[in-house]
1. Out of region 20-98, which GluC sites (Glu not before Pro) are coil in DSSP terms and have no more than 15 other C-beta atoms within 10 Å?
2. Using R₀ = 41 Å, calculate the FRET efficiency as 1/(1 + (r/R₀)^6) where r is the Cβ-Cβ separation of Glu74 and Tyr10; round to 0.05.
3. Heads up, I need the accessible area for Asp110: 1.4 angstrom probe, whole protein in place, Å², nearest 10.
4. Report the FRET efficiency, 1/(1 + (r/R0)^6), for Ser105 and Asp37, where r is their Cβ-Cβ distance and R0 is 22 Å, rounded to 0.05.
5. Can you tell me the mean projection area, over all orientations, of the convex hull of region 15-118's alpha carbons? Units nm², please.
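The values are calculated or read from the model by the stated rules, or taken from the named source; none is laboratory data. Just so you know, these numbers come straight off a predicted model, no measurement behind them. A quick note on method: Cβ atoms are made from the backbone with ideal geometry, for glycine too, and the neighbour counts reach across all protein chains shown. Areas reflect the complete protein model, heavy atoms only, side chains present, ligands, DNA and RNA absent. Shrake-Rupley method; radii C 1.70, N 1.55, O 1.52, S 1.80 Å.
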Amino acid sequence: KLPHAESRAYQIEELMVQFKSFLQDTNIAGVTACQLDRGMDRDPTRPPELADLRGSGGIESESSHVALMWRPPESVIRTRAGFVPPTPGFIPMEIIVKKNREGASNKTVDLELNGDLVNMCERIAKPAEPTEPDMEEYWNK
């Protein structure tokens, strides 16, 4: 049950403060899942952002890491460098690391969802063309 507060955003913020405090006191890791705002439905080609989280102020400020799961439309993934079509019967998904207090953020992980098994696995992109000379080829000249 959410704590008493004037608005839903303050309730979520207070809940997140209490949840974070509990996790720190007990020295355990926790995961929170939440729904994105319905505004994402207006432009399905736009990847989610932190501002799309419902009650995002409290969730984002108290979180050490935020990862957003997204099902990009085929029209979006076909434009990506190294595009590889998804495995037949699998659904392409992405996890976008938007916040990471301990490392890199704005990183995307390509996944495939097997809906029959509710199982995700990494999608392997085509390797990029080498930008540096092949050193073995250089030394063998």
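1. Those that pass, being in a loop and sparsely packed, are Glu49.
2. 0.55
3. Its heavy atoms expose roughly 50 Å² to the probe.
4. 0.60
5. 8.3
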